[in-house]
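The block underneath contains the structure these notes are about, expressed in structure tokens.
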Amino acid sequence: MAVTISLALLFGFVLFMLLRSKTLGPGSAFVAVMFGFYLASTGAADTVNQLMTAVVNALPNL
């Protein structure tokens with residue numbers, strides 16, 4: 001759970017920086033947030049969480 005919250009904050013920060021630098025428009029940001037919100041409520045959520053956990057666990061071994 002701690003990894004998920006940290007990644008949510010990280011992706012939120014990246015989204016904020018993209019909006020601030022005008023690389024991403026408000027409409028695109030809304031679509032990105034809604035996609036993440038709806039993806040979390042599908043059966044793919046467990047797979048995405050397992051994938052992100054594997055990536056986080058692999059980073060120290062690089």
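The values are calculated or read from the model by the stated rules, or taken from the named source; none is laboratory data. Keep in mind it's a predicted model, so treat the numbers as computed, not measured. Using ideal geometry, Cβ is built from the backbone for each residue, glycine included, and neighbour counts are taken over all protein chains shown. Calculation scope for accessible area: heavy atoms of the full protein, side chains included, ligands and nucleic acids excluded. Shrake-Rupley method; radii C 1.70, N 1.55, O 1.52, S 1.80 Å.
Could you tell me what percent of the accessible area of the chain is made up of carbon and sulfur, with a 1.4 Å probe and every protein chain present?
74 percent
Given a Förster radius of 35 Å and the C-beta distance between VAL48 and LYS22 as r, what FRET efficiency does 1/(1 + (r/R0)^6) yield to the nearest 0.05?
That pair, VAL48 with LYS22, gives E of 0.80.
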